[in-house]
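The values are calculated or read from the model by the stated rules, or taken from the named source; none is laboratory data. Just so we're clear, the structure is a prediction, and the values are computed from it rather than from any experiment. No Cβ is skipped: glycine too gets one built from the backbone with ideal geometry, and neighbour counts run over all protein chains shown.
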Amino acid sequence: MKNIRVIIPAFNEENSVGKVIQDIPKNSVSEIIVVDNNSSDKTTEAAQKQGATVLHENRQGYGYACLKGMEYISQTADNETDIIVFLDADYSDYPEELPEVVSPVLNDGYDMVIGSRALGKKEKGSMTPQQVFGNWLATRLIKLFYGVKYTDLGPFRAIKWDALKSLKMEDKTYGWTVEMQLKAAKKGLKVCEVPVNYKKRIGVSKVSGTVKGTIGAGYKILSWIFKYL
C-alpha cells in the first residue's frame, strides 16, 4: 500500500478545517498535516481535535505553508512517503473525492494529477468571475507558450513525493499552483486532470475575496508563466 500524506494550508479556518479533515477517507491516507499559517482564531485547535498533525508557519503565504509541510515530511517521513495531496482548508473542495484524484498516480503511472474544477460541477457562486477569468487566461497562456493543456490551476492535486522534490518549489505566496504545473511541464512529468466538484467556501477568501489578493494572485501567476519561457 502506498503512503499518502495530505498537506492542508490554513489561515483562520476554524469553522471549516475540521470538516475538511472529517471528510478525508481515513483508510486512504497515512497522515493529515495542517499548516496553521499564523491564524488568529482556533484553527489549530479545530485541526488537532480531528486528529491532524498541526505545524505552524508564521510567514503568511500559501507557498510558505506548503513548503513548511514539505520540510516536515522530509525530516520525519521522507522514505515512508509516496504521494502528496494538497487540499484547501476552506471546505470548497470535496475531500471525499481524494481517491479519484490519487487514482491515476496509483494505477496509471502518472506523476501528478490536477483536480480540475473546470471539468467538474461548480456550485453557483463558488468561484468569482475574476477566478474564472484568471484560470482561463493562465491555462490558455500555458498552452500557447508551453504546449501543455491544462483546464485549471486548482489547489486539489496529487503528486508523487519524489517528483515534487525534483521540482524544487520556490514560490511563497499566490504562485504555488502555477509554478508546480509549469515546472512539471518543463520536466516532462506525466500529468493528467480529473474532474472535481466545487462548492462555496466557508468564510471569505483571502485571495479572491479582496482586491489586493486578486491583483497579487494575478501578478504572481502571470510572472511565473513569463519567467519560465
Which condition from (1) modelled with pLDDT under 95; (2) over 14 Å from the mean Cα position of the chain (by Cα) is the one that residue 190 breaks?
(1)
Within region 20-44, the residues that are under 17 Å from the mean Cα position of the chain (by Cα) and either assigned to a strand (DSSP E or B) or of a type outside the set (Asp, Glu) (or both) are 20, 21, 24, 29, 31, 32, 33, 34, 35, 36, 37
Residues located in region 45-69, provided they are surrounded by 19 or more Cβ atoms within 10 Å (Cβ to Cβ) and assigned to a helix (DSSP H, G or I):
46, 47, 62, 63, 64, 65, 66, 67, 68, 69
Near pairs, Cβ below 9 angstrom, 6+ apart or cross-chain, from region 184-196 (part of a strand (DSSP E or B)) to any residue that is of a type in the set (S, T, N, Q)
191/181; 193/116; 193/151; 194/103; 194/116; 195/116
Quick one: how many residues across region 87-133 are among the small types (Gly, Ala, Ser) and in a helix (DSSP H, G or I)?
1
Kindly check whether there is at least one residue in region 119-127 that is buried (at least 16 other Cβ atoms within 10 Å of the Cβ) and either without any contact (Cβ under 8 Å) to a residue 12 or more places away in the chain or closer than 16 Å to residue 217 by Cα (or both).
yes
Could you pull out the residue among 79, 107 that is closer than 25 Å to residue 195 by Cα, surrounded by fewer than 22 Cβ atoms within 10 Å (Cβ to Cβ) and without any contact (Cβ under 8 Å) to a residue 12 or more places away in the chain?
107
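Among the residues of region 1-19 satisfying the criterion of being assigned to a loop (DSSP other than H, G, I, E, B) and either charged (D, E, K, R) or modelled with pLDDT of 95 or more (or both), which is surrounded by the most Cβ atoms within 10 Å (Cβ to Cβ)?
Looking only at region 1-19, we keep the residues that are assigned to a loop (DSSP other than H, G, I, E, B), and these are 1-3, 11-16.
Checking the rest, the ones that are also either charged (D, E, K, R) or modelled with pLDDT of 95 or more (or both) come to 2-3, 11-16.
Values: 2: 14, 3: 14, 11: 21, 12: 20, 13: 29, 14: 19, 15: 15, 16: 20.
If we take residues in region 1-19 being assigned to a loop (DSSP other than H, G, I, E, B) and either charged (D, E, K, R) or modelled with pLDDT of 95 or more (or both), then 13 is surrounded by the most Cβ atoms within 10 Å (Cβ to Cβ).
Considering only residues that are hydroxyl-bearing (Ser, Thr, Tyr) and at pLDDT 95 or above, look in region 140-165 and name the one that is farthest from residue 187 (Cα to Cα). Step through it out loud before you land on a result.
If we filter region 140-165 for residues that are hydroxyl-bearing (Ser, Thr, Tyr), which is where we start, we get 146, 150-151.
Next cut, at pLDDT 95 or above only: 150-151.
Numbers: 150: 16, 151: 19 Å.
By that ranking, first place goes to 151.
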